[in-house]
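Here is the structure we will look at.
The values are calculated or read from the model by the stated rules, or taken from the named source; none is laboratory data. Worth saying up front: this structure is predicted, and the values here are computed from it rather than measured. Glycine gets a Cβ as well: all are built from the backbone with ideal geometry, and neighbour counts include every protein chain shown.
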Amino acid sequence: MHVHHLPAALVEAYARRAEVPCLVEHEGEQLVDMGGGIAYPLFPDLLDPARRLVSMDANGIDVSVSSAPPPGVDGLGVADANAVARAGNDELAELGDRVCPIAVLPLEAPAAAAEELDRAVGLGLRGGLLFSNVCGARPDETRFRPVFEAAAALRVPLVLHPATPVGVDAAIGYALPTTLGFLVETTVCALRLVLDGIFERHPELQLVVPHVGSVIPFMLGRIDYEAALLPGAAGALEVPPSEHLRRLHVDSICSWPPALRLALEVFGPERVLFGSDEPYWSADDAVSTVETAVPDADTAAAVWHRNADRLFGLADAYDSSPRSATKEAG
């Protein structure tokens, strides 16, 4: 449930710009500069959906839930972001039956983002992409509430993805912006949303936090302890924060089986979904991590497909997979 595809509409928008987000050239290669010292190549697998199917077939993956990578349309300015998000989602809707996308949202204009989520779901997209900050603003700000209201009303999940880190100035050099900064980003965002009462306002909301829940599983006890000790630490909640944090869904991306086992213990096997983070990470590594960490067949089935089937409504997509065709022929 965590792979990336970059629509041509976003590439073209970056190419028109001289400021972040934009395209830059380094050693003859074009990169997307998303700010904060983070830039990534225009990988062929990021642009060509046919290559995604080749990788899926090689790793026994029937269906992928795909999203645009950061920065999406954030930073383009409201008018341009609205138009580019719409064009990008139209492209995503055409990726084919086995690649089930979630929507790019023009989050700088929350009301427009809510409207675009509704339109995109009407096109068949399976949810929406939420970044850990929107040009530096945290999504728990009141102005972003229409996005969560729309997702809850539509009963589609929001996938939280790290953006360029803000407020973690020590995480520079040594690839720390992505190694550490991304995890701090998503943890801060998820904690602020939960402590602000997102699940009290929308108990039906489905929110997915990548990378085995980032830092949350490692500090859940500390969060509850501080919430009982310090005034205001529990935010809007009248119960231990862990009761709400365990409502989050997470993916399996970590390349470290012990971390995945901890996520399964903290969130429960019904809330952990297989992901690969291709093309930035390896599907082969993602598969082997789950195989190593989850020997129990029933738990493995939940992680491999059952949880994603339920959350993203993927049953129809399996009809187009090679293994489905093989079963029918057999």
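I'd like to know if segment 189-208 contains one or more residues that are of a type outside the set (Phe, Trp, Tyr), modelled with pLDDT under 95 and under 30 Å from Thr299 (Cα atoms).
no
For segment 109-137, give me each residue that is more than 22 Å from Tyr318 (Cα to Cα) and either in contact (Cβ under 8 Å) with a residue 40 or more places away in the chain or touching a strand residue (DSSP E or B) at 6+ places or on another chain (Cβ under 6 Å) (or both).
Within segment 109-137, the first condition is being more than 22 Å from Tyr318 (Cα to Cα), and the residues that meet it are 109-119, 129-137.
Matches in segment 109-137: Leu117, Leu129, Leu130, Phe131, Ser132, Asn133, Val134, Cys135.
Tell me the residue from Glu116, Glu149 that is buried (at least 24 other Cβ atoms within 10 Å of the Cβ) and part of a helix (DSSP H, G or I), please.
The match here is Glu116.
How many of the residues in segment 210-234 are assigned to a loop (DSSP other than H, G, I, E, B) and either among the polar types (S, T, N, Q) or surrounded by 17 or more Cβ atoms within 10 Å (Cβ to Cβ) (or both)?
3
Just checking: which of the helices (runs of 4 or more DSSP H) contained wholly in segment 254-330 hold 3 or more residues that are at pLDDT below 95 and either of a type outside the set (A, V, I, L, M, F, W, C) or more than 22 Å from Leu95 (Cα to Cα) (or both)?
322-329
Could you list, in sequence order, the residues of segment 49-75 that are in a helix (DSSP H, G or I) and not acidic (Asp, Glu)?
So the first thing to find is which residues in segment 49-75 are in a helix (DSSP H, G or I), and the list is 49-58.
Pro49, Ala50, Arg51, Arg52, Leu53, Val54, Ser55, Met56, Ala58, listed by residue number.
Name the residues in segment 126-160 that are under 16 Å from the mean Cα position of the chain (by Cα), under 17 Å from Asn82 (Cα atoms) and aliphatic (A, V, I, L, M), would you?
Result: Leu129, Leu130, Val134, Val147.
Criterion first (in contact with a helix residue (DSSP H, G or I) (Cβ under 9 Å, 6 or more places away or on another chain), assigned to a loop (DSSP other than H, G, I, E, B), crowded, with 18+ Cβ neighbours inside 10 Å and in contact (Cβ under 8 Å) with a residue 40 or more places away in the chain) does Met1 satisfy it?
Judged against the criteria, Met1 is a match.
Somewhere in segment 86-97, is a residue farther than 16 Å from Val156 by Cα, of a type in the set (A, V, I, L, M), without any contact (Cβ under 8 Å) to a residue 40 or more places away in the chain and surrounded by fewer than 24 Cβ atoms within 10 Å (Cβ to Cβ)?
No, segment 86-97 has no match at all.
Considering only residues that are loosely packed, with under 10 Cβ neighbours inside 10 Å and either part of a strand (DSSP E or B) or among the hydroxyl-bearing types (Ser, Thr, Tyr) (or both), which ones fall in segment 10-28?
If the condition is that a residue be loosely packed, with under 10 Cβ neighbours inside 10 Å and either part of a strand (DSSP E or B) or among the hydroxyl-bearing types (Ser, Thr, Tyr) (or both), then Glu25 is the only one that fits.
Looking at segment 163-187, which of its residues are more than 15 Å from the chain's Cα centre (by Cα) and either β-branched (Val, Ile, Thr) or modelled with pLDDT of 95 or more (or both)?
Val166, Val168, Ile172, Thr179
Do we find a residue being part of a strand (DSSP E or B) and at pLDDT 95 or above anywhere in segment 240-247?
No.
May I ask you to list the residues in segment 152-185 that are touching a residue at least 12 places away in the same chain (Cβ under 8 Å), among the polar types (S, T, N, Q) and either in contact with a helix residue (DSSP H, G or I) (Cβ under 6 Å, 6 or more places away or on another chain) or surrounded by fewer than 24 Cβ atoms within 10 Å (Cβ to Cβ) (or both)?
Thr178
Is it fair to say Leu220 is in contact with a helix residue (DSSP H, G or I) (Cβ under 7 Å, 6 or more places away or on another chain) and closer than 19 Å to Gly268 by Cβ? Explain how you work it out, then say what you get.
Working: in contact with a helix residue (DSSP H, G or I) (Cβ under 7 Å, 6 or more places away or on another chain): yes; closer than 19 Å to Gly268 by Cβ: yes.
So Leu220 passes the test.
Return the total of residues in segment 190-209 being of a type in the set (Asp, Glu) and crowded, with 22+ Cβ neighbours inside 10 Å.
Number satisfying all stated conditions: 0.
State the number of residues belonging to segment 89-113 that are farther than 19 Å from Ala308 by Cα and assigned to a loop (DSSP other than H, G, I, E, B).
7
Could you list, in sequence order, the residues of segment 20-43 that are over 17 Å from Gly88 (Cα atoms) and without any contact (Cβ under 8 Å) to a residue 12 or more places away in the chain?
The answer is Glu25, Glu27, Gly28, Leu31.
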